[in-house]
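Let me begin by presenting the structure, written as structure tokens, before commenting on it.
Each reported figure results from applying straightforward, stated rules to the coordinates on display, with no laboratory input. In this text, all values refer to a predicted model and were calculated from it rather than measured experimentally. For neighbour counting, all protein chains shown are included, and Cβ atoms are generated from backbone atoms with ideal geometry for every residue, glycine included.
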Amino acid sequence: MTEEEAEEAAGFERRHAAEIEEEGRRHTSIDAEGELERLFEDEEDDDKVKGLNWDDERKKRGRHPDDEDDTEDGEAAAAAAAEAQKQGFAADGSVGKYFADMPEDRMGDLSLTDPNEMKRALGPSVRFAQHAMLLAEERMKDGGSRGEALELLATLYSGVSDTAYANKALREFGHATGIIDLYPLELMDHLLAHVPGFCTKVRHGSFFSPVDGEEVSVRRTGRAGVPLTLRYDPTLRVRGFAIKGGTRPGYLFEPTEPPGTYQLVFLSAGTFEVLLSAISKDGWLLIEQVEFCIEENDDELEHFAGIERERDNDAGPEGEPKSKKKDDDLKIHFPRRI
């Protein structure tokens, strides 16, 4: 064998030995990983068995091995809550509770008469308006006059330190709360007269113009059952109508053609102070007061579809009229629907 061939044979032997050594290391690694996986599986099985044993032990003893620590933590929390209650940081009965009981709803609570406390306890402005209405209604049930009830309402609204909240509640009064014998326009007119700085974007004004050659006047005349035409700028939006003093003569107030025209009919004779309101394009609420002097009318009253509609609305079961007081026999009162 030549020297060159001997060198090649030695190189082959060295390469073959290296390959055998590498193969051995690879097998050793695979075996070790397999053994490690088996060890992990064995440990998981042991944990499951121990967990089952713990469950059995807990069922037998009625507690978990960690319950003792939980109990100690609970006792510490209760002690801390008791100390907070003693220091005045927690209410009575709150120890150990995650959620305190909801506060009592004081809507209709007649002892709740402080305006700022009403705002705090009742929350939304519409609830303030509802509660104020209930207090005024109770004042009248106790024998108070309309004037006293109106004064109470004015005191409640103007007594709130948050003027924006009070004005929002005032706007809710009526359409969102219903009305008793006091009307939103009466209250606003009272506030404008006695607390002029309270109402925002509300003022007295004149927006109904005379028709049929009548002179501009705050006094209008007519006859019972004969429609009166009231004309105004069509860009305004008529908002309200109220008869001051709560008089109930029976009336119909509704829009007619052409646009910018309303029709007002009184069914009884008398002199009535009427408040009307309209909203301008720039958001101002205008309140106008007009005196209507209505004379007796011996002629047969004209048929009005609106009046018949309101009579049907006021009818009781099977079309029978709703009961009314003896002194109201000659009066007809229709709910105001503007």
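List of remarks:
- Here the stretch 120-254 is treated as a Stokes sphere of Kirkwood radius computed over C-alpha pairs; at 10 °C and 1.306 mPa s its diffusion coefficient rounds to 94 µm²/s.
- Separation of the stretch 124-149 and the stretch 222-243, taken as the distance between their Cα centroids, equals 29 angstrom.
- Gain on full extension, evaluated as 0.36 nm per residue between T155 and E273 minus their Cα-Cα distance, stands at 40.1 nm.
- Estimated distance in nm for a label pair at I20 and A193, the labels positioned 7 Å out from Cα along Cα-to-Cβ: 12.3
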